[in-house]
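Novice: Once you've had a glance at the structure underneath, I'll fire off some questions.
The values are calculated or read from the model by the stated rules, or taken from the named source; none is laboratory data. These figures come from a predicted structure and were not determined experimentally. We place every Cβ from the backbone using ideal geometry, glycine too, and count neighbours over all the protein chains shown. The protein model used for the area step is the full one, side chains on, heavy atoms only, and it has no ligands, DNA or RNA in it. Shrake-Rupley method; radii C 1.70, N 1.55, O 1.52, S 1.80 Å.
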Amino acid sequence: MTSVTFERKTAIRNTLICFLFIIVGLFLTWEVVNGRHSTLFRIYYASGAFLSFWFMGPHFYWSAVRTIGSNSLFSYNHEGIVLNDNHTIPWNRIKKLESIEGKMNKFLFPVPSHFLLVLNDQSEQRIYTYSLLKDKDIEVLKELRSAWNLNKHKK
């Protein structure tokens, strides 16, 4: 069984960077409430605080949870992909494998990077990596595709 893991220091670094942005957002909020600034500065600071919480809040949560939890994202073997909840997706049920980089959804809310598995019944399964693999996303995708090509015809 091959486990796909990340370095815990990456999760800690991401958590600390996001925490710094949240502290800046809190400082800007404090300046809006207690500062003696013009209305234009208050709007400027409030929008900066809002953007800090909107974009960095989810990243902080994802990284903080991964800092505390296991550093294994998922694993795979000759039978299929084994998720952290011990649910196995057999290779012969997978129609397509893709790697999706982090992006924004239609509400401008951050979506974490993930592997997208399109199954034979047209349903989708997402395996979130939360940008913790750094540059290893492509390598892991190549390994997954080669394992999939070797085992997809086995029942």
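Novice: Being small (Gly, Ala, Ser), under 30 Å from Gly69 (Cα atoms) and in contact with a Gly (Cβ under 8 Å, 6 or more places away or on another chain) is the filter here; which residues of region 1-56 pass it?
Specialist: Gly25, Ala49, Ser52
Novice: For region 1-42, how many residues are basic (Lys, Arg) and either over 19 Å from His59 (Cβ atoms) or open to solvent by less than 60 Å² (accessible area, probe 1.4 Å) (or both)?
Specialist: Residues that pass the stated criteria total 2.
Novice: Restricting attention to region 105-155, which residues are closer than 24 Å to Val65 by Cβ, open to solvent by 90 Å² or more (accessible area, probe 1.4 Å) and of a type in the set (A, V, I, L, M)?
Specialist: Within region 105-155, just Leu108 meets the criteria.
Novice: Is it the case that some residue within region 57-67 is modelled with pLDDT under 95 and more than 30 Å from Leu144 (Cβ to Cβ)?
Specialist: Yes.
Novice: Could you grab me the full set of residues in region 85-114 that are under 15 Å from the mean Cα position of the chain (by Cα) and more than 19 Å from Phe60 (Cβ to Cβ)?
Specialist: Those that are under 15 Å from the mean Cα position of the chain (by Cα) and more than 19 Å from Phe60 (Cβ to Cβ): Glu98, Ser99, Ile100, Glu101.
Novice: Just one of (1) without any contact (Cβ under 8 Å) to a residue 60 or more places away in the chain; (2) of a type outside the set (S, T, N, Q); (3) outside any loop (DSSP other than H, G, I, E, B); (4) over 29 Å from Ile22 (Cβ atoms) trips up Ile127, so point out which.
Specialist: (4)
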